[in-house]
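Asks: My structure is below; once you've seen it, I'll send some questions.
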Amino acid sequence: MSSRGELRSRALLAACAGLLLSLGFEPVAFAWLLPVAVAAFVLTTRGLTARRGFVIGLCFGACFYFTHIFWMRAVGIPAWIALSTLETLFYGLAGGLSAVLQRHRLWPLWFAAAWTAVEVWRSSWPLGGMPWGRLAFGVVDTPMAESLPYAGAVGVTFLVALLGALLAWVVAGPVAKEGGRGIAALCLTAVLALVALPALLPWTAHADGHLTVAAVQGDVPGNGDDILYDFRQVTQNHVDATVDLAQRVEAGEASRPDLVLWPENSTAIDPFRDTETNEGIWAASSAIGVPILVGAIVDGGPGQVLNQGIVWDPQTGAGDRYTKWHPVPFGEYIPMRSLFMKYNFFDRLRDVSRDMLSGTRTEPLDVGGVKVADAICFDIAYDDGLTAQLRNGAQLLVVQSSQATFIHTDQTDQQFAITRLRAMETGRWVAVATTNGVSGLIAPDGHVIATADKRTRAVLEARLGLTSQLTPAVRIGPWTGRVAGGLTVLGVALVLLPYRRRRSQDTGPQAPVADEQHEELSTVGG
């Protein structure tokens, strides 16, 4: 087969592997496909130059990411194409690194570190990053999920990538300086044993106290996918559901909660400036007689807005506030607004009339003396805000989300799976309130205590545990990703530096060989 023919075959196989990886996540969620897809990625980049590895990585990444976030079309097809294309570039980088790192005898370790480092990088950059599609986000219903409290999402990604690399080594067979299939199988068995260890010693969350939480899903009028279609009715739905709960409490049909949780965008207008909204919140709060964590859009400076969770006390009104850490680019704010608005690159940019500011709060909210960590919508997929609040004593985790835009897509199921993963990783009970799905109450082992059907009005109530324990994953924090980055640099150095040393020494008949090696190695990064 010609070189071009072989590259086309590899590209096709990589594309199929990318599609295979997408099946490891919701809505299909065949998690055992994750290491298989990674193994295929390794094999299709094996023995290539970095430049060709980059091309193969692009084929893999495009087929995976365009499929995985197909739901982004709900925002706009140009946004779906732009975001998927951007993330595809990171898989191209991973392909180039894979091709280079497989030249070292310890390549499975270096490859797993490189995959993890690239994943951490793309989850935080550019424009705040996009964490969707992290390998760990697919393991919540597998035995590997038991590793989450110990290794965290980043560490579990490393383990899945390492399993995929070792599986590829078993399939590929012996190569010079690597050892045969027997050694590969032995290493694979050892890692599987390591992964199984947390299942034998599972993390157990011990409750220091309890808090009865009522999560309200008020529903969205009309087709359900436009929160602004009748935003006042959305607020009224949550007021009515809370008042109904208060009446059932008075009738002895329900327990009085300690906290009522409303979702993001339960009021899409500033409750401090809009009289009708303010009166509605006061009516609900007075009726139930306990704090409500209200999800509100609050005016910022000129042309700016804040997405906040506000603790609303029935006696004193608005208290502690959490501001969303990770607003969505082009959905909640427009970077380089003058440029993008001038040329109107995306369909719905006109709808984003004000830019949402990012929050910086690291302290948990104070709800009647209980420390509560908040995450608003996409915040749940990022590591930083949650880790900060938990390290500062958060005893309970709540998620406020407006899923209306994506209610007819698979995004809602993907985000709920991520939320379950966070419950396991942090060892916390979690309450999730959304405008119209998926709302739920989750135990620290990922078990769903209660959930509501999509596009319905519902109130989920349960007595949730409070704990101040920090899992090893939370204690480690960002260091797992930093170590992965360091190992990647070390692996690349171990491949490149010996070559440079040999090249400086090579003379005579061996020079053409060195030149040939230089041609291959010089393609790193391009």
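Asks: Which order do peptides 11-22, 398-409, 224-235 fall in by mean Cβ count within 10 Å, highest first?
Replies: The packing order, highest mean first, is 398-409, 11-22, 224-235.
Asks: Given +1 on the Cβ of Lys and Arg, -1 on the Cβ of Asp and Glu, and no further charges, what dipole in debye does the chain carry about its Cα centre, rounded to the nearest 20?
Replies: Charge dipole, the chain, about its Cα centre: 2340 debye, nearest 20.
Asks: Show me 300-307, 110-117 ranked by packing, highest mean number of other Cβ atoms within 10 Å first.
Replies: Packing order, densest peptide first, comes out as 110-117, 300-307.
Asks: Mind grabbing the accessible area of Ser124 for me, 1.4 Å probe, Å², rounded to tens?
Replies: 70
Asks: Along the charge dipole of the chain, which of Thr435, Gln414, Ala161 sits closest to the positive end, that is, farthest toward it, with unit charges on the beta carbon of Lys, Arg, Asp and Glu (+1, +1, -1, -1)?
Replies: Of Thr435, Gln414, Ala161, it is Ala161.
Asks: Helix 33-45: angle to the longest alpha-carbon principal axis of the chain, degrees 0 to 90, nearest 10?
Replies: Taking Cα atoms only, the helix is inclined about 40 degrees.
Asks: Rank these residues by their accessible area, most exposed first, probe 1.4 Å: Lys324, Lys371, Lys454.
Replies: Lys371, Lys454, Lys324
Asks: Quote to one decimal, in nm, the extra length available between Val489 and Ile81 on full extension: 0.36 nm per residue of separation minus the C-alpha distance between them.
Replies: 143.8 nm is the gain from fully extending Val489 to Ile81.
Asks: Then there is this: Starting from the Cα of Ile183, step 7 Å toward the Cβ, then list every residue of segment 89-114 with an amide N under 18 Å from that point.
Replies: Residues 101-112 qualify, since their backbone N sits under 18 Å from the label point.
Asks: What is the gain in length, in nm to one decimal, between Leu497 and Ser338 on full extension, counting 0.36 nm per residue of separation less the C-alpha to C-alpha distance?
Replies: 52.7 nm is the gain from fully extending Leu497 to Ser338.
Asks: When the accessible area of the chain is computed with all protein chains present and a 1.4 Å probe, what percentage of it is carbon and sulfur?
Replies: Ligands and nucleic acids excluded, carbon and sulfur reach 59 percent.
Asks: In the calculated pair distance distribution of segment 38-190, what percentage of Cα-Cα distances lie above 26 Å?
Replies: Tail of P(r) above 26 Å: 28 percent of Cα pairs.
Asks: Angle check, please: helix 181-200 long axis (alpha carbons) against the longest principal axis of the chain (alpha carbons), in degrees 0 to 90, nearest 10.
Replies: 20
Asks: Where the only charges are on Cβ atoms (+1 Lys, Arg; -1 Asp, Glu), what is the dipole of segment 379-427 about its Cα centre, to the nearest 20 debye?
Replies: 160
Asks: Could you calculate the FRET efficiency of Ser286 with Arg463 from 1/(1 + (r/R0)^6), where r is the beta carbon distance between them and R0 is 22 Å, rounded to 0.05?
Replies: Efficiency computed from Cβ-Cβ geometry: 0.40.
Asks: While we're here: Can you give the calculated 222 nm mean residue ellipticity of the chain, where each DSSP H run of n ≥ 4 adds -39,500 (n - 2.57) and the sum is split over every residue, rounded to the nearest 500 deg cm²/dmol?
Replies: Here the helix-only value at 222 nm equals -15500 deg cm²/dmol.
Asks: Here's something else I'd like to know. With each pseudo-label sitting 7 Å past Cα toward Cβ, what's the Ala251-Asp351 distance in nm, one decimal?
Replies: 3.8
Asks: Continuing with the same structure: For an R0 of 45 angstrom, estimate the FRET efficiency from the Cβ-Cβ distance between Glu276 and Leu201 and round to the nearest 0.05.
Replies: 0.25
Asks: Quick query: amide H of Tyr333 versus all other amide H atoms, modeled in the peptide plane; which residues come in under 5 Å with a sequence gap of 5 or more or a different chain?
Replies: For Tyr333, whose amide H was placed from the backbone, the distant partners under 5 Å are Val328, Met356.
Asks: Would you tell me the accessible area of Thr480, worked out with a 1.4 angstrom probe on the heavy atoms of the protein chains, in Å² to the nearest 10?
Replies: 40
Asks: Probe 1.4 Å, all protein chains in place: accessible area of Phe70 in Å², nearest 10?
Replies: 100
The values are calculated or read from the model by the stated rules, or taken from the named source; none is laboratory data. Being a predicted model, the structure only gives us computed values, none of them experimental. Note that we place each Cβ from the backbone using ideal geometry, even for glycine, and neighbour counts take in every protein chain shown. In case anyone asks, the SASA skips ligands and DNA or RNA and just uses the protein heavy atoms, side chains included. Shrake-Rupley method; radii C 1.70, N 1.55, O 1.52, S 1.80 Å.
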